[in-house]
Amino acid sequence: QVQLVESGGGLVQAGESLRLSCAASVSIFSIFAMGWYRQAPGEQRELVASLTAGGTINYADSVKARFTISRDSAKNTVYLQMNSLKPEDTGVYYCRASSAGGVNWGQGTQVTVSS
């Protein structure tokens, strides 16, 4: 069981930036893949960005060139740098880890972008 703790959400204006952090309770290299998902009110949860242990990265088309996923293995932490934020980026952002023990989710952090 991997425990995940997200932080870094908040209220910003359009065009501003935020950095989300997801701290894992185990070495992130023992996790097959970590990802950031978001869920807007009334919408389904969707993938924003993912990063495998091998370093493969994927982004949703809507965030390419604006968001960057990265990791700090010494801190067992994955980050999501979000630049040029738009109102449609508003939602609860969740960290997800896929490992030999299964899939685990963090509690989520709210991101609100005002126009």
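The values are calculated or read from the model by the stated rules, or taken from the named source; none is laboratory data. Bear in mind the structure is a predicted one, so any value in this text is a computation, not a measurement. As a convention, Cβ positions derive from the backbone with ideal geometry for all residues, glycine included, and neighbour counts pool all protein chains shown. We work out accessible area using only protein heavy atoms, side chains counted, and drop any ligands, DNA or RNA first. Shrake-Rupley method; radii C 1.70, N 1.55, O 1.52, S 1.80 Å.
Taking (1) open to solvent by less than 50 Å² (accessible area, probe 1.4 Å); (2) more than 14 Å from Leu4 (Cα to Cα) in turn, Tyr93 satisfies each apart from (2). The residues of the range 1-56 that are closer than 14 Å to Met82 by Cα, aliphatic (A, V, I, L, M) and open to solvent by less than 20 Å² (accessible area, probe 1.4 Å), listed by number, are Val12, Leu20, Val48, Ala49. Across the range 17-56, what is the total count of residues that are charged (D, E, K, R) and within 16 Å of Gln107 (Cα to Cα)? Residues meeting the conditions: 3.
Yes/no matrix, rows are residues, columns are (1) in contact with a Gly (Cβ under 7 Å, 6 or more places away or on another chain); (2) of a type in the set (Asp, Glu):
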| residue | (1), (2) |
| --- | --- |
| Val26 | no, no |
| Trp36 | no, no |
| Gly42 | no, no |
| Ala49 | yes, no |
| Asp61 | no, yes |
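Listed here are the strands (runs of 3 or more DSSP E) enclosed by the range 7-104 that have at least 3 residues being closer than 20 Å to Ser115 by Cβ: 10-13, 91-99.
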